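The structure appears right after this line, and notes come after that.
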Amino acid sequence: MGCGVMRYLSLFSGIEAVSVAWKPLGWECVAVCEILPYQSSVIQHHFPDVINLHDVTKIDEETIKGLGKIDIVVFGSPCQDLSVSGKRGGLNTVKEDENHSSRLFFEGVRVFRLAQKHCGARFMLWENVPGALSSQQGKDFGTVLETLVGVKFNSSRCVWGNEGIVCGEGGLCEWAVLDSKWFGVPQRRR
């Protein structure tokens with residue numbers, strides 16, 4: 001008996017690059033979630049049979065239950081408040097334009113928890129910028145780990161390496177900073 005097809009839910013989908021990457025693996029996208037009009041039109045053009053849930057903050061238990069089995073929730077929540085190129089406001093920055101707020105990370109986790117509860121999701125993949133490791137003197141990434149695995153870090157200045165693993169009551173979290181140049185792209189983009 002085979003393992004079956006991996007099914008995933010893609011949040012903050014952008015133009016849905018993850019489906020381009022995972023399609024050759026035979027993985028199935030159960031739904032995307034993209035609120036911005038241009039990106040949504042690109043998704044609709046390339047993936048007309050995939051449901052767009054649009055606003056991640058409006059996803060509820062009934063919506064998740066209706067998607068069936070989900071193995072992995074993948075998302076790249078907005079990075080502007082974490083990036084070294086931004087104002088470095090951090091995960092809790094309140095902004096007028098909430099569509100570009102790094103606080104939406106918590107919405108992605110909320111949806112993952114619903115997918116765990118109702119759809120059997122076992123994995124979450126969060127993609128973001130290397131600045132997530134150093135934002136707010138490393139406290140923001142400590143908050144990410146606390147949110148995901150339940151481990152609280154007490155240091156006022158946490159220093160995170162480019163790779164690591166933390167295990168706690170809520171699960172296991174691994175992270176790594178990858179560079180596009182390692183994958184045949186003629187540029188350095190971490």
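Here is a list: 144, 73. Which entry is surrounded by 15 or more Cβ atoms within 10 Å (Cβ to Cβ) and either more than 14 Å from the chain's Cα centre (by Cα) or at pLDDT 95 or above (or both)?
Within the list 144, 73, the selection yields 73.
Confirm whether residue 81 is of a type in the set (Asp, Glu), in contact with a helix residue (DSSP H, G or I) (Cβ under 9 Å, 6 or more places away or on another chain) and open to solvent by less than 30 Å² (accessible area, probe 1.4 Å).
yes
Could you run through region 61-96 and say how many residues are in contact (Cβ under 8 Å) with a residue 12 or more places away in the chain and farther than 26 Å from residue 136 by Cα?
10
Cβ contacts < 8 Å: first residue in a helix (DSSP H, G or I), restricted to region 7-30; second residue open to solvent by less than 20 Å² (accessible area, probe 1.4 Å), any location; separation 6+ or different chain. Result?
Filtered contacts from region 7-30: 18/8; 18/10; 18/74; 19/10; 19/32; 22/8.
Output the residue which, of all residues in region 148-179 that are at pLDDT 90 or above and within 20 Å of residue 80 (Cα to Cα), is most open to solvent (accessible area, probe 1.4 Å).
Out of the qualifying residues, it is 178.
The values are calculated or read from the model by the stated rules, or taken from the named source; none is laboratory data. Quick caveat, the model's predicted, so the values are computed rather than measured. Heads up, the Cβs are rebuilt from the backbone with ideal geometry, glycines too, and the neighbour counts pull from every protein chain shown. SASA here: full protein model, heavy atoms, side chains in, ligands and nucleic acids out. Shrake-Rupley method; radii C 1.70, N 1.55, O 1.52, S 1.80 Å.
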